[in-house]
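Only one structure is covered here, and it is reproduced in the block below.
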Protein chains: 4
Amino acid sequence: MISGKAIGHKIWAIPEGYIPSYSNGPEPEMTSHETVCILNTGRDDATVQLTIYFTDKDPVGPYVVVVPAMRTQHIRFNDLSDPEPIPKDTDYACVIEADGPVVVQHTRLDSRQAENALLSTIAFPVE
Amino acid sequence: MISGKAIGHKIWAIPEGYIPSYSNGPEPEMTSHETVCILNTGRDDATVQLTIYFTDKDPVGPYVVVVPAMRTQHIRFNDLSDPEPIPKDTDYACVIEADGPVVVQHTRLDSRQAENALLSTIAFPVE
Amino acid sequence: MISGKAIGHKIWAIPEGYIPSYSNGPEPEMTSHETVCILNTGRDDATVQLTIYFTDKDPVGPYVVVVPAMRTQHIRFNDLSDPEPIPKDTDYACVIEADGPVVVQHTRLDSRQAENALLSTIAFPVE
Amino acid sequence: MISGKAIGHKIWAIPEGYIPSYSNGPEPEMTSHETVCILNTGRDDATVQLTIYFTDKDPVGPYVVVVPAMRTQHIRFNDLSDPEPIPKDTDYACVIEADGPVVVQHTRLDSRQAENALLSTIAFPVE
């Protein structure tokens, strides 16, 4: 697979988004956060557009990130700022669109209480 | 994706349902709960029917929720009341049927002990 | 869906099996356990055969369970005893074969430490 | 399924890799670790090649493991050493390639804080 063959899908969805507003433990590793992990095994850089959906207002985006060829990027939603930060303690969802095949996984670390909790799932591959 | 294109499937299933009957920590965010997160990226509102299956009695439903166009709804099973509340500490399962394509994810926060635990998975796309 | 239509697949796999050997908290709900949740939405009972795979010995099974029509069963691997109990603190995997379509999800509650941890995923649908 | 029929896919991907660098609790079961669980239900041994992708350097691999016929292997990334150990506290991703069909699941136990957290998901089946 070090051959540079591109694998995966171009569109993925994560319905369950939520960034807890407070944390316990040392920063930044124990800061409550939500992450989208993108793997690009291909020989070409992948430009990825994230669109954020909400419960009661219009979608916001695109947030644009580049995942270089044969690299992975683990992007904290907490760190996205352009076009605007994602509000904390707010239900959201995310659609990920890349210009080449990638693989996407979703993870949250919740440290609102003294001991952290984790969740993860492969995102839903749309096409 | 802000184009309003509808993505996903119309029928989804979650075999593992269970609402813990007690909690620790501040309400409502730390109340033990189980959530179905539904993303509707399309231009039309989606009417969603939830049917709840049990171990030893007939299914109950439909519970009807509307996910507006280009919105997400994170619905706590705890909050469903029509036709009847879902009993606590009881094994159940859920089938989700929408009148248009949606994407569904399942999450539980369990705060029965002092520190919360989380689980999540993309639901099973049936068709 | 209360119509009784059967949905899902007949063969599923769970590569990650492990029953922790000790627990904290009140029994049975906080006993460390591993669960296979099976949903049968059809009008016919489903007979399900579980085969357990190990690291260094031959597979054991089948463990036979019946999931009645339009019911869900959340089966603790801890409780399986015929043909033999599944050893604790031992890596295993599981293949689930039903005589009709079902949907399968895998969950573990680990209470070896004072606060429980959870994991879950939809099992892998084979065919 | 004790018949020895091979099930699954030959290529799988896990975008979210991260081995925490510290732990709490008794070793080795409570050591923070990340695991790839591989199930080989077939009659032939499966040779599996793991390639590790990073954020800012070239992929490393292959790490070669054999999953014997009709066996499961739960491999801790912590234990891989050839061609080189996987660095701790570092984002990575993994592609799994087998010479026959297998099923793959990803799990992490994070015990950086006093109580452990768990995550798991079926890996993404590529082909």
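What are the residue pairs meeting all of these: first residue in segment B:57-76, first residue modelled with pLDDT of 95 or more, second residue of a type in the set (D, E, K, R), Cβ atoms under 6 Å, and 6 or more apart or on different chains?
Between residues of segment B:57-76 that are modelled with pLDDT of 95 or more and residues that are of a type in the set (D, E, K, R), the close pairs are B:66/B:45; B:68/B:45; B:69/B:43; B:69/B:44; B:69/B:45.
Consider residue D:43 against the criteria (1) at pLDDT 95 or above; (2) in a loop (DSSP other than H, G, I, E, B); (3) away from chain C (no Cβ under 14 Å): it satisfies all of them except one. Which criterion is unmet?
So residue D:43 meets the others, but not (3).
Return yes or no: is residue B:88 surrounded by fewer than 19 Cβ atoms within 10 Å (Cβ to Cβ) and modelled with pLDDT under 95? Spell out the reasoning first.
Values: surrounded by fewer than 19 Cβ atoms within 10 Å (Cβ to Cβ): yes; modelled with pLDDT under 95: yes.
Against the criterion (surrounded by fewer than 19 Cβ atoms within 10 Å (Cβ to Cβ) and modelled with pLDDT under 95), residue B:88 qualifies.
Of the conditions (1) at pLDDT 95 or above; (2) aromatic (Phe, Trp, Tyr); (3) within 28 Å of residue C:52 (Cβ to Cβ), residue D:54 fails just one. Which one is it?
Among (1) at pLDDT 95 or above; (2) aromatic (Phe, Trp, Tyr); (3) within 28 Å of residue C:52 (Cβ to Cβ), residue D:54 violates only (3).
Regarding residue C:34, is this residue more than 14 Å from chain B (Cβ to nearest Cβ), within 30 Å of residue D:76 (Cβ to Cβ) and either modelled with pLDDT under 90 or in a loop (DSSP other than H, G, I, E, B) (or both)? Give the steps one after another, and end with the answer.
Numbers: more than 14 Å from chain B (Cβ to nearest Cβ): no; within 30 Å of residue D:76 (Cβ to Cβ): yes; either modelled with pLDDT under 90 or in a loop (DSSP other than H, G, I, E, B) (or both): yes.
No, not satisfied.
Would you pick out the residues in segment C:30-66 that are buried (at least 17 other Cβ atoms within 10 Å of the Cβ), farther than 24 Å from residue C:119 by Cα and hydroxyl-bearing (Ser, Thr, Tyr)?
Matches in segment C:30-66: C:41 only.
Write out, first by first residue and then by second, each pair whose Cβ atoms fall under 6 Å of each other, whose residues are 6+ apart or on separate chains, and whose first residue, in segment C:78-100, is within 14 Å of chain D (Cβ to nearest Cβ) while the second is polar (S, T, N, Q).
Qualifying pairs under 6 Å: C:88/C:21; C:89/C:21; C:91/C:55; C:93/D:72; C:95/C:51; C:97/C:49; C:99/C:47.
Right, residue D:48: out of contact with any Ser or Thr (no Cβ under 9 Å at 6 or more places or on another chain), of a type in the set (Val, Ile, Thr), within 14 Å of chain C (Cβ to nearest Cβ) and touching a residue at least 12 places away in the same chain (Cβ under 8 Å) or not?
The answer is yes for residue D:48.
What are the residues in segment B:101-119 that are more than 11 Å from the chain's Cα centre (by Cα) and either facing chain C (nearest Cβ under 9 Å) or at pLDDT below 85 (or both), if any?
If the condition is that a residue be more than 11 Å from the chain's Cα centre (by Cα) and either facing chain C (nearest Cβ under 9 Å) or at pLDDT below 85 (or both), then B:109, B:110, B:111, B:112, B:113, B:114, B:115, B:116, B:117, B:118, B:119 are the ones that fit.
The values are calculated or read from the model by the stated rules, or taken from the named source; none is laboratory data. These figures come from a predicted structure and were not determined experimentally. We place every Cβ from the backbone using ideal geometry, glycine too, and count neighbours over all the protein chains shown.
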